[in-house]
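Shown next, in structure tokens, is the structure this report addresses.
Nothing in this text is a laboratory measurement; each read-out follows from the coordinates by a stated rule. As the structure is a prediction and not an experimental result, all values here were calculated from the model. Because the Cβ atoms are built from the backbone with ideal geometry, glycine has one as well, and the counts that use them run over all protein chains shown.
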Amino acid sequence: MPLPKRVYVSDCEGPISKNDNAFELTSAHIPNGDKLFNVLSKYDDVQADVVRRPDYNAGDTLKLVLPFFKAFDMTEQKMRDFSAEGILLVRDAKDTLKKIRDVMPTFIVSTSYQQYISALCDTIDFPFVNTYSTRVKIDDYEITPDEKTRLQQLAKEISQMPVMDIPQSNRLDDFSETDRRNVKRLDDMIWEEIYKMEIGRTLQEVKPVGGHEKAKAVKDIVKRLDTSLSDVMYVGDSITDEEAFKLVKEGGGLAVSFNGNSYAVNAAEIGIMSPSVSPMLNIAHRFRYYGKESVKDYVNAWASMQVLTDANRERFSKDSSTFRKTVRGEAIGKLG
């Protein structure tokens, strides 16, 4: 009997590279850009996971920053050059992905900008045709002088806000008074003011590949290969992977958190903590040739890997979130 047509699908930033390219671009090209991005990233978590804004996806931070990119003279060439110069791989990523590709079709599904994913593919000799990422042609968008001035003012205001603290209840009513006020202020800035600008077209037209868009990409891969969700192994590490995890789990496939934050660990079936990508090779082999239950048996023999259950999920989530910061650095590791 022929083996099922199994497929390996991985997020990029976290399971393959240490970068958060959008954060790094913002930090390098906008004054106090690191703080600006942190505030918008937490606002992104609020929109996706607390308010659940219609037509909003986890990872839409990548479109929220685009008007500010334009206000500070970002170009596609700058995005390409910066991305190519700054790639930081998780240990053994290139070799491990090559070996996995030898035994099963392998895809990258990433919220990252396409400019970064293209540069990464060149670095690790990965076929770009097997990737999904956020397409943006920033040079095609116009910005007026008045918009540029106003956005620079708004960027300064946002960068002076404290980063919101999302309470465990995940209810907006339980936010501090300051955080509720800042959520409202950001709502007004982004959806009432910037959205109506000429450069606001970026908010209307760009679709970051996060949340439901990642799930759509997985469905497209299954269709391309004429296989089923039960034959998908999906590896992710953040809130942008939740919907893909849910889709794969419901379809009978395998959802794996690799150095994941609490969002990833809470949505996955298996959790892995490792400074190297190399453990994924054994897991991919077992999934390819013996199936999901074999992977679970294997994982239970290791302290740094867990089949996630109600009994261990909270503890593993804390450990994985902490370990994530040691691999990717404090600034990037704490992002959603």
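Listing for the model above:
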| item | result |
| --- | --- |
| Whole-Å distance, taken between Cα centres, linking the range 138-199 and the range 66-91 | 21 Å |
| Alpha-carbon centroids, the range 228-302 and the range 1-60: separation in whole Å | 18 Å |
| Relative contact order, percent, the chain [alpha-carbon distance under 8 Å, six or more residues apart] | 24 percent |
| Principal-axis tilt of helix 93-103 within the chain, Cα atoms, nearest 10 degrees | 50 degrees |
| Long-range amide H partners of SER10 with built H, under 5 Å | PHE107, ILE108, VAL109, VAL235 |
| Within the chain, helix-based [θ] at 222 nm, where runs of 4 or more DSSP H residues each add -39,500 (n - 2.57), nearest 500 | -14000 deg cm²/dmol |
| Burial order of peptide ranges 22-34, 294-306 (average beta-carbon count within 10 Å, highest first) | 22-34, 294-306 |
| Square roots of five times the Cα gyration tensor eigenvalues for the chain, Å | 34, 22, 17 |
| Cut-off 17 Å, label 7 Å out along Cα→Cβ of ASP226, residues of the range 234-256 by amide N | none |
| Distance (nanometres) between label positions extended 7 Å along Cα→Cβ at SER276 and LYS325 | 2.6 nm |
| Long-range amide H partners of SER17 with built H, under 5 Å | VAL90 |
| Between 0 and 90°, nearest 10: helix 114-124 axis offset from the chain longest Cα axis | 40 degrees |
| FRET efficiency for VAL129 and LYS334, using Cβ-Cβ distance with R0 set to 51 Å, rounded to 0.05 | 0.95 |
| Angle in degrees between helix 33-45 and the longest Cα principal axis of the chain, rounded to the nearest 10 | 60 degrees |
